[in-house]
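Written below as structure tokens is the structure these notes are about.
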Amino acid sequence: MTSQVSSPAVGQPLLGEQRKPAKEVQRLDRVIIRFAGDSGDGMQLTGDRFTSETASFGNDLSTLPNFPAEIRAPAGTLPGVSSFQLHFADHDILTPGDAPNVLVAMNPAALKANIADLPRGAEIIVNTDEFTKRAMAKVGYAASPLEDGSLEAYAIHPVPLTSLTVEALKDSGLARKDAERAKNMFALGLLSWMYHRPTEGTEKFLRKKFATKPDIAEANVAAFRAGWNFGETTEDFAVSYEIAPASAAFPAGTYRNISGNLALSYGLVAASKQADLPLYLGSYPITPASDILHELSKHKNFGVRTFQAEDEIAAIGAALGAAFGGALAVTTTSGPGVALKSETIGLAVSLELPLLVVAIQRGGPSTGLPTKTEQADLLQAMYGRNGEAPVPIVAPATAADCFDAAIEAARIALTYRTPVFLLSDGYLANGSEPWRIPDIDELPDLRVQFATGPNHTLDNGDEAFWPYKRDPQTLARPWAVPGTPGLEHRIGGIEKQDGTGNISYDPANHDFMVRTRQAKIDGIDVPDLEVDDPSVVDGQPHARTLVIGWGSTYGPITAAVRRIRAGGGQVAQAHLRHLNPFPRNLGEVLKRYDKVVVPEMNLGQLAHLLRAKYLVDARSYNQVTGLPFKAEQLAHAIMEEGADV
Amino acid sequence: MSEATIADHPTPGLPALSLVPKSDTKQSMKDFKTDQEVRWCPGCGDYAVLAAVQSFMPELGLARENVVFVSGIGCSSRFPYYMNTYGMHSIHGRAPAIATGLASSRRDLSVWVVTGDGDALSIGGNHLIHALRRNVNLKILLFNNRIYGLTKGQYSPTSEVGKITKSTPMGSLDAPFNPVSLAIGAEASFVARTIDSDRKHLQSVLREAAAHPGTALVEIYQNCNIFNDGAFDALKDQQTAQDALIRLEHGQPIRFGAPAEDGLGSKGVVRDLATGELKVIDVTVEGTAGVLVHDSHAASPTTAFALSRLADPDTLHHTPIGVLRSVERPVYDADMSDQLERAVEEKGKGDLAALLAGQDTWTVVG
């Protein structure tokens, strides 16, 4: 296992297009790779680059970045391990994969923190340079796991990544410390060789990223090439792998790789364009939502205004002010920020102005697990305000779906003049997958009519503007923006008289207004829930169990359902995008099945809502580890809960 | 709303309002009154301020529909309901944040914030200081009555130490804020103080505030005749006011008190050369040499801050009123618009299809 590594020829780098491995090539249909190292080792960047190479090659893919909340956790410790998992295949896939086939471990901590997730036979590439006594002792290895036989079940590739990188860069003029920093690119080069990834994109990327430091750029490129050449020449790596593009899995179209937060940002820009309203973002930095603020701040040439406020409350306050002024207003945050914004969301409910509240859920309560995923803020979004303050909720199912979900949330906000929750999570935010780039002409028309004149005739025949006179269909009130002559009016958080909007403490009026605000939200037009049930014959389902989820569990649940069906089991699946209001046919769908199983990354919040509203015996399957479900585990749980197998 | 409309109606002479359309017709006070019954307690100082603002607005001659009053929560925050403009009565302490969003997205509006000592300095303290620091084009009217009125009489962050109230039967332990000192410390570009009962002075301060590009803070001493009656009597009573009140005017020596032979006040404010602090002297004894000439446009805030510290929080003696500080510095919303324009110049108008496609795509043929 600890075979001597032959010294690689890291001489003249080969050009990208000439890179055709000369060794044995095996075909695989899918691979799961996990890069793991210290927080400062550049694992996220390495994973991102491998993902881009894989996307441009045309595989289907799904990723799971997983990193600590500390920017630089103590080096070499278990809590400091940062990892990036990537699942790619020649067919369509739904999750970042349950268990890695390949682990790249940059240090002992990375090995120790991840070894339990590996199936027997998995390949492990370890950076032997970091396996010093001291580093091993830090994570509790008394003896070297590379030598004590404890890793016999795995295929170990011991590679002195650090010293090979330093050797490859000895003529670069870089100090040893700087040269060592390129070891992640050496690892990336090696993996790129193993899996026949196109390399031009990474070299281009490195030269652009380090444009102001050309010596660093060239060193990274050299390390990347040295890693590739190492795979090609060293005897330890006898086989490389080919995973064909997933052409059949994708409908025709032009594709790109996209993360959830990027798709969500683009969705907001697109919604602004489709509504012909300027986009205004009020935001306060918070993990894992900050990337949306970063992204939107780059698009000022779309008329996007981004305001980094002094706190979460000011962020939503500014957005609400902009909404009053006629902007498509957005605030972005996560659970702790939602808590702070609650009062202003209530004000927006009362003012009946359009406002998008984008909440990227993370582990809670309190600060919780800032960089990990969870779905435990559904009830906060649903009920977390004083008074009867209903707010629509839209939840994207996948990273790419964040684009469409943002547009849908904007449609509801603009049509019904209401704040809307767009409830994503850390897994969707940071994970990425291929996205078919939509044709602009396919996007919905979101244009709205501002009020332009009086809308009411008083008893004396005078024309008046009543800010709370509603559209009979949607129950939305008119949006009369400042600057419109003759429509001067005052709105506020005190209860208003129906129609006039004047302050009113009248008991019957309050009862009417509470019910009307609720009726407006209940009446929102949302598409019917679709059920995926191949067991239906002549309109009758043979499956007795329905699995229903919401949000980012779509991938794992669908993968689990496929497994059950592949094993001959029958199970129906449905996934909710609209959590408030629920689709009109939801009650009927639930009643079609004897058993309803609800997997959630919380303690059963959707199940709670379903039970309360539809009086069904919805069974929860829960996990709150900060990580997404694994398909195998879910498949097992669904069968336990009563799939007919 | 469109840029063309804005440009068609410039308001010359008032740089802060140059993008706000002007009224086509001559306005009067009654144009700014609403049909809503004013619901403050009889005798409340808020009535005087409302009347002063309503009668001042026609002077600006702005299109009424382009004026917006935003308030928080408290007695004074009912103000927007009585102004026949656009208005929002929002939530406690948040008016500066809401107004910031409105003013930074709509430069064709004249945006006013009405707030109180509890609203602005307690629950909303953070928003106030950050609005001042950013210098958004907002005019903030801070009604300071040194008490919580709407919740029926608890001490406020401007109440004097030892104040006996419903929540402090043995006296308040809190050291009060001096709102003017606070604003100057928060990098405010315009800070003034005035008094509810002095309409002429109040309107002169409003005039300067309205003309100021950026955030203007106007502290208005306002009497709550129910829970803190007479809080400012020392400044209102003819006899005591003479020695208590320092009326600041830009370019004028800082003199107050009973008239001296030259007709100006018999007291003056000078700098103590030993300590650098300001102090009050008797000019009839010590002469007028060294009496400070008020410079509200001084780049450094130190003298304005020192002036704000002359007031005794208990007796209100040596309380300066008028514009303490008025300096020009970059205005947030103007700079924000400039960045948008520059982005278009540098990158061209946003192309959605190009944005969505990005740099790195592949095509699947069906």
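Some points to look at:
- When chain B is treated as a GNM with alpha-carbon contacts under 10 Å, the residue of B:273, B:138, B:235 showing the greatest mean-square fluctuation is B:273.
- Distance from the Cα centroid of the stretch A:355-387 to that of the stretch B:74-144 is 29 Å (rounded to whole angstrom).
- Taking every alpha-carbon pair under 8 Å whose residues sit at least 6 apart, the stretch A:255-442 reaches a relative contact order of 29 percent.
- Across chain A, the mean sequence separation of Cα contacts (distance under 8 Å, 6 or more residues apart), normalised by length, yields a relative contact order of 12 percent.
- Residue order, fewest to most surrounding Cβ atoms within 10 angstrom, among B:83, A:185: B:83, A:185
- The stretch between residue A:298 and residue A:528, if pulled fully straight at 0.36 nm per residue, gains 79.1 nm over its current Cα-Cα span.
- If only the Cβ of Lys and Arg carry +1 and only the Cβ of Asp and Glu carry -1, the dipole of chain B around its Cα centre is close to 580 debye.
- If only the Cβ of Lys and Arg carry +1 and only the Cβ of Asp and Glu carry -1, the dipole of the protein assembly as shown around its Cα centre is close to 480 debye.
- Of the cross-linked pairs A:520/A:613; B:22/B:347; A:170/A:204; B:139/B:349, those separated by over 28 Å at the C-alpha level are B:22/B:347; B:139/B:349.
- Secondary structure note: in the protein assembly as shown, about 40% of the DSSP beta bridges are antiparallel.
- Fraction of beta bridges assigned by DSSP in the stretch B:107-203 that are antiparallel (%, nearest 5): 25 percent
- Spread over its residues, the convex hull of the C-alpha atoms of the stretch A:430-540 is 286 Å³ per residue.
- Annotation for the stretch A:53-112 versus the stretch A:135-180: alpha-carbon center distance of 18 Å.
- Förster-model FRET efficiency, 60 Å R0, residue B:41 and residue A:239, C-beta, rounded to 0.05: 0.10
- Beta bridges by DSSP in the stretch A:531-641, antiparallel share as percent, to the nearest 5: 20 percent
- Counting only residues at least eight positions apart within a chain, or on another chain, the aspartates and glutamates with an alpha carbon under 17 Å from that of residue B:30 are A:488, B:59, B:65.
- Using the Cβ-Cβ distance between residue B:286 and residue B:247 with R0 set to 22 Å, the FRET efficiency from 1/(1 + (r/R0)^6) comes to roughly 0.60.
- By the helix-only formula, in which each DSSP H run with n ≥ 4 contributes -39500 (n - 2.57) and the sum is divided by residues, the protein assembly as shown has a 222 nm mean residue ellipticity of -9500 deg cm²/dmol.
- Exercise: per-residue mean of other protein chain Cβ atoms within 10 Å, B:78-86: 4
- About its Cα centre, the stretch B:241-366 has a charge dipole of approximately 120 debye under the convention of +1 per Lys or Arg Cβ and -1 per Asp or Glu Cβ, with nothing else charged.
- In the stretch A:37-111, Cα pairs under 8 Å separated by at least six residues give a relative contact order of 40 percent.
- Cβ crowding within 10 Å ranks A:193, B:362 as B:362, A:193, fewest other Cβ atoms first.
- Sorted by Cβ density within 10 Å, fewest first, the residues A:67, B:79, A:302, A:450: A:450, A:67, A:302, B:79
- A Förster radius of 56 Å combined with the Cβ-Cβ distance from residue A:386 to residue A:208 puts the calculated FRET efficiency at roughly 0.65.
- The alpha carbon convex hull volume per residue for the stretch A:303-453 rounds to 123 Å³.
- Among B:77, B:159, B:28, residue whose mean-square fluctuation peaks in a GNM of chain B (springs only between Cα atoms under 10 Å): B:28
- Note on chain B: with a GNM built from Cα contacts shorter than 10 Å, the maximum mean-square fluctuation among B:45, B:290, B:265 falls on B:290.
Values in this text are rule-based calculations from the coordinates and carry no lab data. These numbers were taken from a predicted model, which means no experiment stands behind them. No Cβ is skipped: glycine too gets one built from the backbone with ideal geometry, and neighbour counts run over all protein chains shown.
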